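Peer 1: The structure follows.
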Amino acid sequence: MSLDSLGDVRRLALLCAALVFVDTMLYAALTPLLPHFAHEFGLSKAQAGLLVASYATGALLAGLVGGVTATRLGPRRAVLVGLTLMAVASIGFAFAGAFWSLVSARFVQGLASGFTWAGAFAWLLAVAPRERRGQLMGTAMGSATFGAMFGPVVGAAAALAGRDVVFTALAASSVALGAWALRIESAAGELPSVAAVGRALRNRTFLTGMLVMSLGSLLFGVLGVLGPLHLAAAGWSAAGIGAVWLCAAGFESIQAPISGRLSDRHGALRPTRVALLVAIPISLALSAGSRPLFYVPLIVLAAVFYAVFLTTSFALLADGAEEVGLAQGMSFGLMNVAWAAGAVTGPAAGGAIASATGDWIPFVLAAGACAVAFAGLAQRWPRVARRRTAW
C-alpha cells in the first residue's frame, strides 16, 4: 500500500495512534496494581518508584538505538522490533512472581517503547503535510494520553481477572498490530548523521522541546506514583483508582488535538506557557494531601495540564529537527531519551523523597520546576515561529 493520498496518511495516522495507545496503556497499567504489589511484596515508596522507573530506564537505553533503527532501516522495521519486545515483555509481566521479575518485565517494555515510538512518529512525519503536522501529532498524542489513562483500567481488570489472562491477551494484540504494520508501505531509510544530532542539541527550538518533554514526563512520574498510593491509603480499590485515571483520559483526549492545533496556529510555546501557569497552583494543591473528595479532581486537572507539555514538545522537536536537517527517526529517538530522563527521575526521586519526608515535598518541587520553566520560556528562549494552517 502506498502513501500517496490524504486517505493513506490518515490510515497511517490511525496505525500510529493504535501503536502508541497500546504502548502507553501497558505503561500505565501498573498504576492500580502498584498498591497491590506494595502489599504483596512489602515494597516501600522508594521500591515502588523503582518499579515505575524501570520502564523509563529501558526507554532511556533504547531511545537512540530506536532512532538509529528507524532512520537507517526504516520506521516500519523499528516498529516491528518494538512490537516483538512488547509481546515478550507482556508475557513476562503476566507470569512474574517476584519483585525483580516484575522490574525486568517492565524494563523490557521500556526497551520496546524506544523502538515503537521512534518508528511510529518518524513514519507519520515522513508523509504528513507540514501544515497539518501539529494536528496529526496532537491526535496521536491524544491516543497516547488516552492509553496512559486507560491503562489503569486494564490494571484494575488484571487485579480482578488475573495478570496472566489480561497481559497474555495484550501480548496477542502486539501480533495483530505487527500484521497491520506489514500492510502499510514504510518510509525509506537514510544514513544517520552524527553532525545533525550535534546541531540539534545546539538548536534552541529542539532543545526546548526536549526540556519540555522531560518536564512533562517527570511530572507524570511523580503523579503516577504518589497519586495511586495516596488513594489506596484512603481505602480506594484498584477499580476506583483506575476509574479516576480513565476520567482524566477522557479530558486528555480532548485536550491533545486542541493543543496541537494551537501549536500549528500560534507556535508551541503559547500553550506551553499557559499550561505551566496552571500547573503551578495544581501541584501546590496536591502537596496538601487532601481527602479524596478534593484530591481526585486535582489528579484529573494535573493529568490534563501536564499532558500539554508532551503534545507541544512534539511540535518543537519536529520544527527543530527540520531546521537543522535531522532525520525525524533520530529526532524521536532523542525524544525518547528526553521522555525517559524525566520518567526515570520523577517516580524514583518522587518515591524516595516521599518515603523520607512525606508526599508534600515532591509536589512542591514539581510546582517549583514549572515556575522555573515558565520563567525560562518567557525570558530566555526565543519564540518559535508561528505556523499557519492552510484550512
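The values are calculated or read from the model by the stated rules, or taken from the named source; none is laboratory data. Note that this is a predicted model, so its numbers are computed, not measured. FYI the Cβ positions are ideal-geometry reconstructions off the backbone, even for glycines, and counts take in every protein chain you see. Protein only, heavy atoms only, side chains kept; ligands, DNA and RNA dropped before computing areas. Shrake-Rupley method; radii C 1.70, N 1.55, O 1.52, S 1.80 Å.
Peer 1: Would you say Gly346 is open to solvent by less than 10 Å² (accessible area, probe 1.4 Å), at pLDDT 85 or above and over 19 Å from Val274 (Cα atoms)?
Peer 2: So Gly346 passes the test.
Peer 1: Might you check whether a residue that is open to solvent by less than 20 Å² (accessible area, probe 1.4 Å), at pLDDT 75 or above and under 20 Å from Ser54 (Cα atoms) occurs anywhere in segment 122-143?
Peer 2: For segment 122-143, residues open to solvent by less than 20 Å² (accessible area, probe 1.4 Å), at pLDDT 75 or above and under 20 Å from Ser54 (Cα atoms): absent.
Peer 1: Hey, can you tell me all the residues within segment 354-391 that are at pLDDT below 90, farther than 24 Å from Val197 by Cα and buried (at least 21 other Cβ atoms within 10 Å of the Cβ)?
Peer 2: Ala354, Asp359
Peer 1: Any chance you could count how many residues in segment 294-318 are more than 15 Å from the chain's Cα centre (by Cα) and open to solvent by 10 Å² or more (accessible area, probe 1.4 Å)?
Peer 2: Within segment 294-318, residues that are more than 15 Å from the chain's Cα centre (by Cα) and open to solvent by 10 Å² or more (accessible area, probe 1.4 Å) number 6.
Peer 1: Still on this structure, please answer the following. From Gly221, Gly235, which residue is free of Cβ contacts under 8 Å to residues at least 24 places away in the same chain and among the small types (Gly, Ala, Ser)? So that I can check it myself, show each step before the final result.
Peer 2: Values: Gly221 fails: free of Cβ contacts under 8 Å to residues at least 24 places away in the same chain.
Testing whether each residue is free of Cβ contacts under 8 Å to residues at least 24 places away in the same chain and among the small types (Gly, Ala, Ser) leaves just Gly235.
Peer 1: Please specify each residue of segment 320-333 satisfying the condition of being open to solvent by 10 Å² or more (accessible area, probe 1.4 Å) and assigned to a helix (DSSP H, G or I).
Peer 2: Glu322, Glu323, Val324, Gln328, Met330
Peer 1: Could we say that Arg72 is under 26 Å from Ser253 (Cα atoms), open to solvent by 30 Å² or more (accessible area, probe 1.4 Å) and in contact (Cβ under 8 Å) with a residue 40 or more places away in the chain here?
Peer 2: Values: under 26 Å from Ser253 (Cα atoms): no; open to solvent by 30 Å² or more (accessible area, probe 1.4 Å): yes; in contact (Cβ under 8 Å) with a residue 40 or more places away in the chain: yes.
Judged against the criteria, Arg72 is not a match.
Peer 1: Suppose we keep only residues that are touching a Gly at 6+ places or on another chain (Cβ under 9 Å) and of a type in the set (S, T, N, Q) within segment 244-280. Which one would you say is farthest from Val372 (Cα to Cα)?
Peer 2: It comes out as Ser253.
Peer 1: Can you name the helices (runs of 4 or more DSSP H) wholly within segment 1-100 that have at least 3 residues being over 28 Å from Ala158 (Cβ atoms) and out of contact with any strand residue (DSSP E or B) (no Cβ under 9 Å at 6 or more places or on another chain)? First the steps, then the outcome.
Peer 2: Values: elements: 6-28, 30-41, 45-72, 75-95.
In segment 1-100, the matching helices (runs of 4 or more DSSP H) lie at 6-28, 45-72, 75-95.
Peer 1: Right, Leu293: at pLDDT below 90, under 13 Å from Leu269 (Cα atoms) and part of a helix (DSSP H, G or I) or not?
Peer 2: No; evaluated as a whole, the condition is false for this residue.
Peer 1: Here's another thing I want to ask about it. Of the numbered conditions (1) closer than 26 Å to Thr139 by Cα; (2) open to solvent by less than 20 Å² (accessible area, probe 1.4 Å); (3) modelled with pLDDT of 90 or more, Glu252 satisfies every one except a single condition; which is it?
Peer 2: Every condition holds for Glu252 apart from (3).
Peer 1: Suppose we keep only residues that are touching a residue at least 24 places away in the same chain (Cβ under 8 Å), more than 20 Å from the chain's Cα centre (by Cα) and open to solvent by 10 Å² or more (accessible area, probe 1.4 Å) within segment 36-67. Which one would you say is nearest to Arg183 (Cα to Cα)?
Peer 2: Within segment 36-67, the subset touching a residue at least 24 places away in the same chain (Cβ under 8 Å) is 36-38, 41, 43-67.
After this cut, where a residue has to be more than 20 Å from the chain's Cα centre (by Cα) as well, the list is 36-38, 41, 43-47.
Keeping just the survivors that are open to solvent by 10 Å² or more (accessible area, probe 1.4 Å) gives 36, 38, 41, 43-47.
On the way: His36: 40, Ala38: 42, Phe41: 44, Leu43: 44, Ser44: 46, Lys45: 44, Ala46: 44, Gln47: 42 Å.
Out of the qualifying residues, it is His36.
Peer 1: Starting from segment 105-131, take each residue that is within 20 Å of Ala315 (Cα to Cα) and list its partners that are open to solvent by 10 Å² or more (accessible area, probe 1.4 Å) and of a type in the set (Lys, Arg), counting only C-beta distances under 8 angstrom and pairs at least six apart or across chains.
Peer 2: Final answer for the pair search is Gly119/Arg76; Gly119/Arg77; Trp123/Arg76; Leu125/Arg133; Arg130/Arg387; Glu131/Arg387; Glu131/Arg388.
Peer 1: Between a residue in segment 150-163 that is in contact (Cβ under 8 Å) with a residue 12 or more places away in the chain and among the β-branched types (Val, Ile, Thr) and any residue that is crowded, with 22+ Cβ neighbours inside 10 Å and in a helix (DSSP H, G or I), which pairs come within a Cβ distance under 7 Å, given they are 6 or more apart or on different chains?
Peer 2: Val153/Gly242; Val154/Met25
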